[in-house]
Amino acid sequence: MKRKRTVALVHDGGMRFTTTTGSGRTIVFGDDKAANELSPVETIAAALGACSAMDVASILAKKRQVWTSYRIEVEADQRAEYPQVYTRIDVTHIIEGTVVLEAAVRRAVELSASKYCPVNAMISAGATEVHHHFRMRCTGAEPREAEGEVVVTGPDRRPDIIA
């Protein structure tokens, strides 16, 4: 069953648009950084990070991992020519905790990238290559650190999405 998402944008002058989503949330897009207006393109990178982070946090909780800090860093390369699409995005999950197993972190990142995150699926179906990485540090009874690339998605590698 398809789910319909809606947004309405109202021009507020200059390059400012106030957006209201179908669920009642408000977002202001524009070019005024001092007014905390959002860049549409930067918002795509942030949405990818947030979508994947929500998946990974949920999966790690189900795997009974115990973390004290978790952050995601997203770095996106945007081409200079128009349309100025992202050509490569690196998403790095950085996790520290008392019960953090490398296999659990790798699997959570892999599941998010390959199955659950719709933002990643949409981006990967287009021109963008997305590299999914992790860095972890376990501070519990058996301290250890690990890092690496888990999976690369896109470009045009999701025919099941675009068909």
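Nothing in this text is a laboratory measurement; each read-out follows from the coordinates by a stated rule. What you see is a predicted model, and the numbers here were worked out from it, not measured in a lab. Glycine gets a Cβ as well: all are built from the backbone with ideal geometry, and neighbour counts include every protein chain shown.
Which value at 222 nm does the chain reach when only helices count, each DSSP H run of 4 or more adding -39,500 (n - 2.57), with the total divided by all residues and rounded to the nearest 500 deg cm²/dmol?
On the way: 4 runs with 44 residues, N = 163.
After summing the helix terms and dividing by the residues of the chain, the value is -8000 deg cm²/dmol.
From Cα pairs below 8 angstrom and at least 6 apart in sequence, can you work out the relative contact order of the chain, rounded to a whole percent?
Numbers: 300 pairs, mean separation 27.1, N = 163.
Contact order relative to length: 17 percent.
With unit charges on the beta carbons (Lys and Arg positive, Asp and Glu negative) and the dipole taken about the Cα centre of the chain, which residue among HIS131, ALA108, GLY148 sits farthest to the positive side?
About the Cα centre, the residue reaching furthest to the positive side is ALA108.
Quick check on the chain: of the DSSP beta bridges with both residues there, what percent are antiparallel, nearest 5%?
Working: 30 of 41 bridges.
DSSP beta bridges in the chain are roughly 75 percent antiparallel.
Specify the angular offset, from 0 to 90 degrees and rounded to the nearest 10, of the alpha carbon long axis of helix 40-62 from the longest principal axis of the alpha carbons in the chain.
The angle comes out near 30 degrees.
In whole angstrom, note down how far apart the Cα centers of region 61-83 and region 116-146 are.
7 Å
Would you order VAL10, VAL99, VAL74, VAL105 from fewest to most other beta-carbon atoms within 10 Å of each residue's own beta-carbon? Don't skip to the answer; put the middle values down first.
Details: VAL10 9, VAL99 16, VAL74 19, VAL105 27.
Ordered from fewest to most neighbouring Cβ atoms within 10 Å, VAL10, VAL99, VAL74, VAL105 come out as VAL10, VAL99, VAL74, VAL105.
In whole angstrom, how long is each semi-axis of the equivalent ellipsoid of the chain, when you take the square root of 5 times every eigenvalue of its Cα gyration tensor and sort them from largest down?
Numbers: eigenvalues 194, 70, 53 Å².
For the chain, the semi-axes come out at 31, 19, 16 Å.
Tell me the angle of helix 102-111 to the major Cα principal axis of the chain, expressed in degrees between 0 and 90 and rounded to the nearest ten.
For helix 102-111, the angle is close to 30 degrees.
Could you put MET15, MET136 in order, starting from the residue whose Cβ has the fewest other Cβ atoms within 10 Å? Let's see the in-between values first.
On the way: MET15 11, MET136 23.
If I rank by nearby Cβ atoms, fewest first, I get MET15, MET136.
With +1 on each Lys and Arg Cβ and -1 on each Asp and Glu Cβ, how big is the dipole of the chain about its Cα centre, in debye rounded to the nearest 20?
The calculated dipole for the chain is roughly 860 debye.
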